[in-house]
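The values are calculated or read from the model by the stated rules, or taken from the named source; none is laboratory data. Because the structure is a prediction, the values reported are computed rather than measured. Every residue, glycine among them, receives a Cβ derived from its backbone with ideal geometry; neighbour counts consider all protein chains shown.
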């Protein structure tokens with residue numbers, strides 16, 4: 001049956017993006033050829049090839065690190081902090097001016113809905129530059145002693161789920177604190193980083209302050225392993241994070257890791273149910289669930305389980321799926337064939353282990369990589385879908401009877417990135433949040449981000465914080481350290 | 001292209017079955033005492049203001065174009081309760097409004113007529129006569145509208161008077177003073193009494209009862225949800241946000257909470273109640289946002305003038321201008337729609 005009120009297609013125009021057939025590396029202020037075998041980047045919603053992108057070899061990475069070192073010692077390090085701030089403000093304004101271009105390109109390359117890239121990714125990326133621009137000349141007030149100093153060259157490796165936003169989380173604090181960077185975007189989503197390189201040129205950022213070296217895992221390894229890198233920052237899977245920690249151990253490099261998660265979203269029986277259901281949807285289906293802090297474990301009080309699940313299923317049926325460039329799309333494409341295979345495999349395991357799989361009626365597009373929003377009920381804490389990070393639109397529903405049981409189950413994970421609590425009772429929220437071992441805890445909301453708020457994990461979710469005053473520490477040496 | 005963006009399950013919101021003709025009464029015991037009624041209303045799940053606003057903000061970004069926009073505009077026009085509630089109202093003014101209600105755009109016969117004309121009770125007869133044979137309803141405000149500050153006897157007389165004058169629909173106000181003082185049962189009993197007073201002389205059924213909550217005076221969304229349930233339990237056919245005389249009048253979060261209340265009420269009782277936001281909805285964009293909200297929260301069952309109305313006056317002209325723009329490709333001006 002078709003609905004009475006069918007929305008006509010409302011496509012954001014692609015024409016604002018000037019997509020080139022091939023892209024080089026951005027080193028020392030210029031685009032140059034890479035010496036590795038180029039990669040192709042796809043539109044995951046159609047499997048159409050968007051562009052060919054250079055792969056940085058060890059030699060290319062070496063050139064980039066040298067450029068960053070030169071810029072650090074000659075220009076960016078000695079520069080008056082207020083002037084560094086001016087560059088960051090300029091970059092922030094350019095991101096806002098070119099917001100639509102960035103949003104369209106992000107949706108093309110990543111598969112996420114334009115509503116999210118337009119209303120979340122790009123504005124937050126600009127906000128991170130604005131926020132850190134303000135810090136540039138106030139670092140003595142960051143609580144790190146009288147005259148904190150930059151570390152030098154930062155090697156940064158970022159994931160494909162929020163390509164531009166993760167770039168901002170990495171580059172903005174590094175630059176504000178006087179460091180220079182070599183950044184490696186994810187293999188499947190390099191395009192907005194390369195557009196950002198154009199913004200650096202447009203802002204007249206001195207050459208070498210920002211270098212962007214595209215490529216796959218090998219290129220990332222070269223960035224991390226380069227002996228002249230002083231600081232490594234990585235966001236991505238726990239597995240890769242562990243191998244980076246091993247590679248960096250004993251080198252004297254500073255390291256921050258932001259890794260996986262399996263967040264508990266705890267719904268008490270006195271929660272505002274309608275808003276909690278919205279929060280559950282936002283927690284797990286935002287960005288197709290490709291979110292390290294996704295609320296992938298719903299812990300719902302047994303007395304309201306049936307009501308919450310029924311309400312959630314009804315709500316999921318109303319999600320709009322399809323062309324990421326349609327302004328009314330809620331769920332876009334899975335980023336890659338590889339990720340789709342992983343989501344499928346873990347979901348099959350969930351079913352095999354005895355959990356009940358539920359998916360809404362309706363069809364998915366036939367081309368591209370798609371996965372239906374999925375809810376598993378009858379999930380036990382021993383099931384793999386309750387323990388492993390799926391990184392897709394798959395929710396596991398568990399129940400609890402008492403607040404203590406909720407806390408015990410929430411903390412029963414090898415991760416500790418984020419958590420959510422839903423209750424109308426303020427005292428309960430305060431009591432529970434203090435017992436949750438997670439870096440970010442949301443109360444009566446989920447997946448809200450702000451540059452002033454430090455973000456990072458416990459346990460296998462990594463270490464170090466990004467954002468806020470605390471995030472600056474990762475890029476500064478105090479007088480005593 | 002990966003195919004047109006589509007809602008996953010168009011039936012997700014309507015799978016709960018059709019409304020029953022008569023209200024079931026699983027909640028008949030909750031009004032047995034003030035204490036029981038209070039416990040029931042305060043036991044309804046809370047509403048988080050921030051979350052409700054976030055939801056309406058996202059729904060507000062829906063982009064409604066071309067054919068969808070044309071459908072939405074015509075549907076919105078058919079849902080308008082074209083309203084005049086001024087001290088200066090005259091029979092002439094009401095007749096002119098009735099003419100507009102019947103044929104909102106005299107230059108385009110395909111334009112639908114509105115749902116009702118809403119006037120003060122003493123002018124209900126004039127409206128009824130002017131609308132005879134059109135199918136357009138006459139709605140009359142009553143119960144010492146807008147403040148509701150009069151004795152119950154006076155309020156009931158007001159209602160009977162309007163019904164006798166030919167009103168098809170009565171828009172009553174609740175006693176906000178009693179509600180805010182926690183005398184919920186008083187408010188409930190008054191609605192029940194008004195509903196009884198809606199009975200037409202000669203046993204020809206009852207005028208439809210719309211219950212105005214005046215949400216601008218109830219202030220919190222928790223109060224809006226409680227008042228919605230109270231009014232539905234008392235037998236209101238519609239719950240309506242505002243008189244239009246208090247600011248803020250209809251807002252999207254308030255309407256969202258009321259929509260969820262009617263949805264939950266139908267799930268619990270099988271009885272469907274309509275919703276009418278009134279006051280403050282002036283533009284086509286506002287109206288479309290409301291239709292989107294219905295579509296995505298309670299579903300198509302409420303997408304008809306039987307179950308959803310806009311209490312408005314200036315809204316209609318903006319809908320007509322946008323309708324002309326869609327048809328001709330250019331904007332005309334205020335002189336191309338009739339003054340009220």
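Within segment A:134-151, the residues that satisfy the criterion of being buried (at least 20 other Cβ atoms within 10 Å of the Cβ) and either outside the structural domain of residue A:79 (by TED's automatic domain parsing) or in a helix (DSSP H, G or I) (or both) are A:135, A:139. Under the condition of being over 24 Å from residue A:49 (Cα atoms) and either more than 14 Å from every other protein chain (Cβ to nearest Cβ) or touching a residue at least 24 places away in the same chain (Cβ under 8 Å) (or both), the residues counted in segment A:329-359 number 14.
Exactly one residue out of B:182, B:203 is more than 19 Å from the chain's Cα centre (by Cα), free of Cβ contacts under 8 Å to residues at least 60 places away in the same chain and surrounded by fewer than 16 Cβ atoms within 10 Å (Cβ to Cβ), and it is B:203. For segment A:455-467, a residue qualifies if it is surrounded by fewer than 19 Cβ atoms within 10 Å (Cβ to Cβ) and touching a strand residue (DSSP E or B) at 6+ places or on another chain (Cβ under 8 Å), and exactly one does: A:463. Among residues of segment B:27-42 that are surrounded by fewer than 18 Cβ atoms within 10 Å (Cβ to Cβ), those with a beta-carbon under 7 Å from a residue that is at pLDDT 95 or above and not in a helix (DSSP H, G or I) at least six positions away or on a different chain give the pairs B:38/B:182. Flag not set for residue B:227, criterion: more than 14 Å from chain A (Cβ to nearest Cβ), within 20 Å of residue B:43 (Cβ to Cβ) and either surrounded by fewer than 24 Cβ atoms within 10 Å (Cβ to Cβ) or free of Cβ contacts under 8 Å to residues at least 24 places away in the same chain (or both). Residues that are within 14 Å of another protein chain (Cβ to nearest Cβ) and loosely packed, with under 14 Cβ neighbours inside 10 Å were ranked within segment A:1-32; the one that is modelled with the lowest pLDDT is A:1. When residues in segment B:152-179 are screened for being buried (at least 17 other Cβ atoms within 10 Å of the Cβ), under 16 Å from residue B:230 (Cα atoms) and over 19 Å from the mean Cα position of the chain (by Cα), 2 of them pass. The sole residue among B:101, B:68, B:124, B:72 that is within 13 Å of chain A (Cβ to nearest Cβ), part of a helix (DSSP H, G or I) and within 20 Å of the chain's Cα centre (by Cα) is B:72.
Residue pairs whose Cβ atoms lie under 9 Å apart, separated by 6 or more positions or on different chains, with the first residue in segment B:146-169 and free of Cβ contacts under 8 Å to residues at least 24 places away in the same chain and the second in a loop (DSSP other than H, G, I, E, B), are B:150/B:143; B:150/B:144; B:151/B:144; B:154/B:143; B:154/B:144. Restricting segment A:389-405 to residues that are surrounded by 15 or more Cβ atoms within 10 Å (Cβ to Cβ) and in a loop (DSSP other than H, G, I, E, B), the residue that is farthest from the other protein chains (Cβ to nearest Cβ) is A:389. Pick from A:340, A:331, A:346, A:364: which is closer than 27 Å to residue B:63 by Cβ, outside the structural domain of residue A:110 (by TED's automatic domain parsing) and under 22 Å from the mean Cα position of the chain (by Cα)? None of the other options fit; the residue is A:331. A single entry from A:331, A:340 fulfils the requirement of being touching a helix residue (DSSP H, G or I) at 6+ places or on another chain (Cβ under 7 Å) and within 24 Å of residue A:397 (Cβ to Cβ): A:331. You will find that of B:203, B:236, the residue that is part of a loop (DSSP other than H, G, I, E, B) and in contact with a helix residue (DSSP H, G or I) (Cβ under 9 Å, 6 or more places away or on another chain) is B:236 and no other. Tell me, which residue of segment B:1-26 that is closer than 23 Å to residue A:312 by Cα and either more than 7 Å from chain A (Cβ to nearest Cβ) or surrounded by fewer than 19 Cβ atoms within 10 Å (Cβ to Cβ) (or both) is modelled with the highest pLDDT? Applying the filter and picking the extreme gives B:11. Screening segment A:254-320 for strands (runs of 3 or more DSSP E) wholly inside it with 3 or more residues that are surrounded by fewer than 24 Cβ atoms within 10 Å (Cβ to Cβ) returns the ranges A:254-258. Restricting attention to segment A:311-326, and to residues there that are touching a helix residue (DSSP H, G or I) at 6+ places or on another chain (Cβ under 6 Å) and in contact (Cβ under 8 Å) with a residue 60 or more places away in the chain, which single residue is farthest from the other protein chains (Cβ to nearest Cβ)? Checked segment A:311-326; the qualifying residue farthest from the other protein chains (Cβ to nearest Cβ) is A:312.
Exactly one residue out of A:386, A:408 is more than 13 Å from every other protein chain (Cβ to nearest Cβ) and free of Cβ contacts under 8 Å to residues at least 40 places away in the same chain: that is A:408.
Condition test on residue A:427, is it out of contact with any helix residue (DSSP H, G or I) (no Cβ under 6 Å at 6 or more places or on another chain), buried (at least 16 other Cβ atoms within 10 Å of the Cβ) and modelled with pLDDT of 95 or more? The answer is no for residue A:427. For segment B:267-299, which positions are part of a helix (DSSP H, G or I) and at pLDDT below 95? Of everything in segment B:267-299, those that are part of a helix (DSSP H, G or I) and at pLDDT below 95 turn out to be B:267, B:268, B:269. In a residue-by-residue description of segment A:299-310, the property of being more than 16 Å from residue A:156 (Cβ to Cβ) and free of Cβ contacts under 8 Å to residues at least 12 places away in the same chain applies to at least one position. Residues that are within 14 Å of chain A (Cβ to nearest Cβ) and either under 16 Å from residue B:244 (Cα atoms) or touching a strand residue (DSSP E or B) at 6+ places or on another chain (Cβ under 7 Å) (or both) within segment B:278-289 comprise just one, B:287.
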